[in-house]
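The values are calculated or read from the model by the stated rules, or taken from the named source; none is laboratory data. From a predicted model like this one, the values you see are computed outputs, not experimental measurements. We place every Cβ from the backbone using ideal geometry, glycine too, and count neighbours over all the protein chains shown.
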Amino acid sequence: MDSFRNRILTAVLALLVLVQAATTVAVLERAGAELQSLTATNLRTRVGALRQRLATRFEVARTHLAGLAAQPLFQARLAAADVPALDALMRADSGVGAAQLDFLIDSRGALLACSGVDCSDAVRAELDVVASTALAHHGEGALDVLAVLDGRPYRIVLVRLPGDRPGWFGGGYLLDQRAIEALGSRSDVDVTLLARDPNGTHFSATTLPRALKPWLGVLEQTPLAAEATQTLPMGDAPYLTTVLPMAPLRGEIRLIVQLSLADTQARLAHLREQVLAISGAALVGAALLLLLLTRRALRPIDELVRAAQRIERGDYGERLTVGGGREFARLAAVFDSMQQRIAERESRIVHQARHDVLTGLPNRVAAHSRLKRLLRGAAPVGVVLVDLRDFKHLNASFGHELGDQVLQEVARRLAAALRSGDYLARLGTDQFLLLLPGNGTEQSQATAGQVVRGIRQNLLLGSIEVHLDASAGVCSSPADGTEAEELLRRADLALQEAKRSGEPTCSYQSEHDDRHRKRLRLLTDLHGAIASDQLHLVYQPKVLMSDRRVRSLEALVRWNHPQLGPVPPGEFVPLAEQTGSMAQLTRWVLRSAIAQLGHWRREGFASEIAVNVSASDVVDARLPDEILALLKQHQVRPEQLLLEITESAVMQDLEQAIRGMRRLRAAGVRFAIDDFGTGHSSLAQLKALPVDELKIDRTFVRDLQPGTRDDAIVRSAVELAHVLGLKVVAEGIETAAAWTALLRLGCDYAQGYFISPPIAPEHVGEWIQEINTRLSAAESGTAQIRVLTELRTNRRP
């Protein structure tokens, strides 16, 4: 081979290397840009959710303030221009609705009265100026403004006074660390609020990890345009950052939303490795082919260069064909394979951004887009939201691998029940969405019933038989709305109603919005109700069946809302769990119950009290010390306290739960497994728990009759408990037949409305003395039933 040919081959090989490198760089840059775009879209979606939360909180505050202004007492004092009395009334209302400031201004913006924990002289003076400025530019309806008062940022909500009275009533809501954490909860983004007083005082609150809080200074000094996104280096990974527009009337306030790009960088690195591997393989093949090139190869090389440039532009659709012999055909095949794989990877990246990895179904983003497109047509659209009941307990008991198999099977069952043209998506861990074009509410209701029945068919996975249950919420356009967000929200309201009522399906009704508003009201007021002792305890007796005497009482919490009246525990206890107030509620109940035990002890009345403990409390390492301190404070023996926990609560973190239980058990506090028979724990796990009692769930006791399955279940539970050395408590006794059956089955304790409903603490001693005297003297079952019936009939509420 002469030197000229060698130079040609060397030059061609160098050119091919450069082209391949350019192609690889272009592909990586394009893939990186796509990932950045998808991440920016993800950030915008979450920013939209934050805006919705801000709007919802404004509506809650506006409703609360308007309700207070509409109270007759408020209007009477306003009509009398009694400013001190108005100030006193607002001071009495201070704290309701999480407002730190309540104030009244006249129609010109002058501050008439101010109340609340933050209403200092400095705040009053600055608030007077802010209110005047706000009213100078106000429009119709309520006002929602921001201001930095005395160095701290506030959201100020103003509503007009009702009737023809001039003036405004307002509330100031401190945007502190707790408020920012609540705003950023249940999302994958971090929220930071930066504020500065005109005097130069700085204030900040953030959900960023503690390790990144020193970077707040960088955020304060970085100029960020409103609603524009940019990437900021923070810690080990950059953050995609945007700023929500804020226009405070006093001071400066910036609300910064950030999304970590660590996951995006990891995915890009993985793609880079794959592309480099393909590029390397292509270069090796090209180098071998170039050894056989002749001068005729120059033209095919030009074709390869043009193909590489096309790939660099992101055009992967054209098949590569070149002349020059089999060698170039092989090289063309390598290029074709490379561009196909790159196209497939890009397609997978886009697909994963809009589809669920586990089931392959469209995700929330894709479903929302499809629903918006369907709503542009004239035909009705049915919306069905399906939720698996107690799926988290199944995951906790059997593991996530089996849970994933269950979700895949549910997705197959749902898909099999749909028509051609219907749309199925997975919105969350255990929630699915069905879009039914052409279906009204009745047709959608029928489809929902069909899919729920299909899900409820037992599923056999290996040797495990899984019992599934589901609920569905139904609505349709245009009857229930014409906007995608509105229909999804109303389908969710119907779903919550179905879960609350125990029905398999429920169609949206207008009163569901009323319940939702009530729920928002309860969410707003619950924390204040716990803090201000609006709750109270009642006590339901438990009868020891062997001597028919009351030996124990269960403490049950009640809430009498000042405006809504009595609120059932079934409504506000789940709200406490959802809002993170469960620990506060549990501690209030423990303090009240143990204090009541101490009071009864000083009056000469001795009993034990059972208190229910939630799942979050079981694994709280601080709770044992707090309980022991309360017992010591009120001079109550630990043996008088019985803590009731559910199987599912313990199974969430078995090791931590056992550690806390053993600590209290060693001090004398006793434990009972509540709702036994409804969870998923194994006998080995039950044996490991330091418990004293099993409490059979009311579903097995309520209709207890000889020869029934309930009878067999209760008998087995009693025998199992006695073998393990445990006592058995049957709750939910509502009939004489159930009382008689429990006597026959050898149950240790009985509890229920047939014996007595919950009793106010001031009547407990008198009632127990009477039942212990009369019931213990009744030897026959007939006499016992007669005594219980008379006591229940004669007892005053």
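Do you know which residues across the stretch 762-782 are part of a helix (DSSP H, G or I), farther than 17 Å from ARG601 by Cα and among the charged types (D, E, K, R)?
Filtering the stretch 762-782 for residues part of a helix (DSSP H, G or I) gives 762-777, 781-782.
From the residues that got through so far, the ones that are farther than 17 Å from ARG601 by Cα too are 770-777, 781-782.
Listed by number, the residues that qualify are GLU770, ARG774.
Give the residue, chosen from GLY167, GLY109, GLY163, GLY151, that is touching a residue at least 24 places away in the same chain (Cβ under 8 Å) and farther than 24 Å from ASP82 by Cβ.
GLY151
Would you point out which residue out of LEU292, LEU288, LEU283 is exposed (fewer than 13 other Cβ atoms within 10 Å of the Cβ), under 24 Å from LEU13 (Cβ atoms) and modelled with pLDDT of 70 or more? Spell out how you get there, then give the answer.
Numbers: LEU292 fails: modelled with pLDDT of 70 or more; LEU283 fails: exposed (fewer than 13 other Cβ atoms within 10 Å of the Cβ).
Going through LEU292, LEU288, LEU283 in turn, the sole match is LEU288.
Output yes when any residue across the stretch 553-571 is touching a Ser or Thr at 6+ places or on another chain (Cβ under 8 Å) and closer than 30 Å to ALA182 by Cβ, and no when none is.
Just the residues of the stretch 553-571 that are touching a Ser or Thr at 6+ places or on another chain (Cβ under 8 Å), to begin with: 553, 555.
Filter again for closer than 30 Å to ALA182 by Cβ, leaving 555.
Checked against the condition, which is being touching a Ser or Thr at 6+ places or on another chain (Cβ under 8 Å) and closer than 30 Å to ALA182 by Cβ, the stretch 553-571 yields at least one hit.
Out of all the residues in the stretch 427-449, which are touching a residue at least 60 places away in the same chain (Cβ under 8 Å) and either under 12 Å from ALA411 (Cα atoms) or hydrophobic (A, V, I, L, M, F, W, C) (or both)?
LEU427, PHE432, LEU433, LEU435, ALA448
Would you call ALA11 surrounded by fewer than 16 Cβ atoms within 10 Å (Cβ to Cβ) and assigned to a helix (DSSP H, G or I)?
yes
How many residues are farther than 16 Å from SER260 by Cα, assigned to a strand (DSSP E or B) and not charged (D, E, K, R) if we restrict to the stretch 196-245?
Matching residues across the stretch 196-245 total 6.
Restricting the search to the stretch 186-203, which residues are out of contact with any helix residue (DSSP H, G or I) (no Cβ under 9 Å at 6 or more places or on another chain) and either polar (S, T, N, Q) or not assigned by TED's automatic domain parsing to the domain that holds MET234 (or both)?
Selection gives ASN199, THR201.
Does the stretch 539-552 include one or more residues that are farther than 24 Å from PHE676 by Cβ and out of contact with any Pro (no Cβ under 6 Å at 6 or more places or on another chain)?
Start the filter on the stretch 539-552 by keeping residues that are farther than 24 Å from PHE676 by Cβ, which leaves none.
Among the residues of the stretch 539-552, not one is farther than 24 Å from PHE676 by Cβ and out of contact with any Pro (no Cβ under 6 Å at 6 or more places or on another chain), which makes the answer no.
Got at least one residue in the stretch 201-223 being farther than 29 Å from ALA122 by Cβ and of a type in the set (Val, Ile, Thr)? Lay out the reasoning, then the answer.
Of the stretch 201-223, the ones farther than 29 Å from ALA122 by Cβ are 208-212, 214-215, 218, 222-223.
Keeping just the survivors that are of a type in the set (Val, Ile, Thr) gives 218, 222.
Yes: one or more hits.
Got a sec? Which strands (runs of 3 or more DSSP E) wholly within the stretch 464-516 have at least 1 residues that are in contact with a Gly (Cβ under 7 Å, 6 or more places away or on another chain)?
On the way: elements: 464-466, 470-477, 505-507.
Result: 470-477, 505-507.
Any residue in the stretch 748-761 that is assigned to a helix (DSSP H, G or I) and assigned by TED's automatic domain parsing to the domain that holds ALA688? Working first, answer last.
Step one: list which residues in the stretch 748-761 are assigned to a helix (DSSP H, G or I), which gives 761.
This time we only want the ones that are assigned by TED's automatic domain parsing to the domain that holds ALA688, so: 761.
Yes: one or more hits.
Name the residue that is surrounded by the fewest Cβ atoms within 10 Å (Cβ to Cβ), counting only residues in the stretch 658-696 that are at pLDDT below 85 and assigned to a loop (DSSP other than H, G, I, E, B).
Here the answer is SER682.
Looking at ALA750, ALA777, ALA741, can you tell me which residue is surrounded by 14 or more Cβ atoms within 10 Å (Cβ to Cβ), among the small types (Gly, Ala, Ser) and within 15 Å of SER546 (Cβ to Cβ)? Write out each step before concluding.
Numbers: ALA777 fails: surrounded by 14 or more Cβ atoms within 10 Å (Cβ to Cβ); ALA741 fails: within 15 Å of SER546 (Cβ to Cβ).
After applying the criteria, what remains is ALA750.
Read through the list (1) within 29 Å of the chain's Cα centre (by Cα); (2) assigned to a helix (DSSP H, G or I); (3) in contact (Cβ under 8 Å) with a residue 60 or more places away in the chain, then give the number of the only condition that TRP600 fails.
Tallying (1) within 29 Å of the chain's Cα centre (by Cα); (2) assigned to a helix (DSSP H, G or I); (3) in contact (Cβ under 8 Å) with a residue 60 or more places away in the chain, TRP600 fails exactly one: (1).
Could you list, in sequence order, the residues of the stretch 583-614 that are crowded, with 21+ Cβ neighbours inside 10 Å, under 11 Å from LEU537 (Cβ atoms) and either in contact with a Cys (Cβ under 6 Å, 6 or more places away or on another chain) or among the small types (Gly, Ala, Ser) (or both)?
ALA593
Select from the stretch 686-708 the residues that are of a type outside the set (A, V, I, L, M, F, W, C) and within 15 Å of LEU720 (Cβ to Cβ) and list them in ascending order.
The initial filter retains those residues of the stretch 686-708 that are of a type outside the set (A, V, I, L, M, F, W, C), namely 687, 690, 692-693, 695, 697-699, 702-703, 705-708.
Within the stretch 686-708, LYS687, ASP692, GLU693, LYS695, ASP697 qualify.
For the stretch 402-442, name all the residues that are β-branched (Val, Ile, Thr) and touching a Leu at 6+ places or on another chain (Cβ under 9 Å). Walk me through how you get there before you give the answer.
Kept after step one, since they are β-branched (Val, Ile, Thr), are these residues of the stretch 402-442: 406, 410, 429, 441.
Of everything in the stretch 402-442, those that are β-branched (Val, Ile, Thr) and touching a Leu at 6+ places or on another chain (Cβ under 9 Å) turn out to be VAL406, VAL410, THR429.
Being touching a helix residue (DSSP H, G or I) at 6+ places or on another chain (Cβ under 7 Å), crowded, with 20+ Cβ neighbours inside 10 Å and farther than 21 Å from GLN177 by Cβ is the requirement here; does LEU249 meet it?
Values: touching a helix residue (DSSP H, G or I) at 6+ places or on another chain (Cβ under 7 Å): yes; crowded, with 20+ Cβ neighbours inside 10 Å: no; farther than 21 Å from GLN177 by Cβ: yes.
So LEU249 fails the test.
Name every residue in the stretch 71-110 that is β-branched (Val, Ile, Thr), at pLDDT below 80 and closer than 21 Å to LEU174 by Cα, in order of residue number. Outline the logic, then answer.
We begin by selecting, within the stretch 71-110, every residue β-branched (Val, Ile, Thr); these are 83, 96, 105.
With the extra rule that they be at pLDDT below 80, the set shrinks to 83, 96.
Residue satisfying the conditions is VAL96 alone.
Can you work out which of the residues in the stretch 443-474 that are in contact with an Asp or Glu (Cβ under 9 Å, 6 or more places away or on another chain) and among the polar types (S, T, N, Q) is modelled with the lowest pLDDT?
Applying the filter and picking the extreme gives ASN458.
Which numbered condition in (1) buried (at least 16 other Cβ atoms within 10 Å of the Cβ); (2) among the polar types (S, T, N, Q); (3) free of Cβ contacts under 8 Å to residues at least 12 places away in the same chain is the only one that ASN42 fails?
(3)
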